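The values are calculated or read from the model by the stated rules, or taken from the named source; none is laboratory data. Computed from a predicted structure; not experimentally measured. Don't worry about glycine lacking a Cβ; one is built from the backbone with ideal geometry, like all the others, and counts go over all protein chains shown.
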Amino acid sequence: MIGIRYVTKAEMDTLNVREVLQALVLHKLSKSDQPMQLVDAESEEVTTLSSEMVQLLHDFLMNLLSGAVETTITYDAELTDKQAAEILGVSRAYFVNLLKSGVMPYCKNGFFFTVRMEDLMTYKEANDQERSKALDELTALSQELGLYD
């Protein structure tokens with residue numbers, strides 16, 4: 001299940017988004033090989049962040065501050081056919097036809113279909129590679145025919 005939570009500008013101030021982002025940037029600029037450590041002010045519990053997590057948090061907070069929509073979906077999540085179609089940028093009807101053609105495993109719940117995020121991303125990556133290869137071939141053919149000068 002995918003949850004949606006809206007964050008207001010007032011909440012961003014309360015959450016100290018800018019201060020956290022500044023700490024992440026300073027840590028990245030230090031080019032330290034040491035992982036970043038966060039210390040809870042009350043319990044003094046220490047949490048260690050890998051460089052990958054620092055980058056993920058940095059990107060997330062930058063998008064949050066800029067007002068960009070940020071969605072994080074785990075690979076084991078199940079998506080509705082509508083959600084999956086939105087990720088691929090196609091209509092729900094087109095996506096349902098893709099499923100019925102057998103391009104990826106799915107479950108049918110009444111009138112609705114669900115797919116695993118991992119299966120959807122595997123299909124998307126393969127489809128993107130196919131399109132890229134076809135575009136490269138088309139470009140090469142156009143160059144051979146002298147259409148590019």
- Restricting to the stretch 84-101, what's the tally of residues that are assigned to a helix (DSSP H, G or I) and not aliphatic (A, V, I, L, M)? 6
- Task: State whether one or more residues within the stretch 121-141 are touching a Leu at 6+ places or on another chain (Cβ under 9 Å), within 18 Å of ALA77 (Cα to Cα), in contact (Cβ under 8 Å) with a residue 12 or more places away in the chain and hydrophobic (A, V, I, L, M, F, W, C).
- Result: no
- Task: Could you please tell me which pairs satisfy a Cβ distance under 6 Å, a separation of 6+ or placement on different chains, a first residue in the stretch 79-92 that is over 16 Å from ASP119 (Cα atoms), and a second residue that is buried (at least 16 other Cβ atoms within 10 Å of the Cβ)?
- Result: ARG92/ASP81; ARG92/ALA85
- Across the stretch 102-129, what is the number of residues that are modelled with pLDDT under 90, out of contact with any Lys or Arg (no Cβ under 9 Å at 6 or more places or on another chain) and either in a strand (DSSP E or B) or not assigned by TED's automatic domain parsing to the domain that holds GLY89 (or both)? 1
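Could you tell me whether HIS58 is surrounded by 14 or more Cβ atoms within 10 Å (Cβ to Cβ) and either assigned to a strand (DSSP E or B) or modelled with pLDDT under 75 (or both)?
It is false that HIS58 is surrounded by 14 or more Cβ atoms within 10 Å (Cβ to Cβ) and either assigned to a strand (DSSP E or B) or modelled with pLDDT under 75 (or both).
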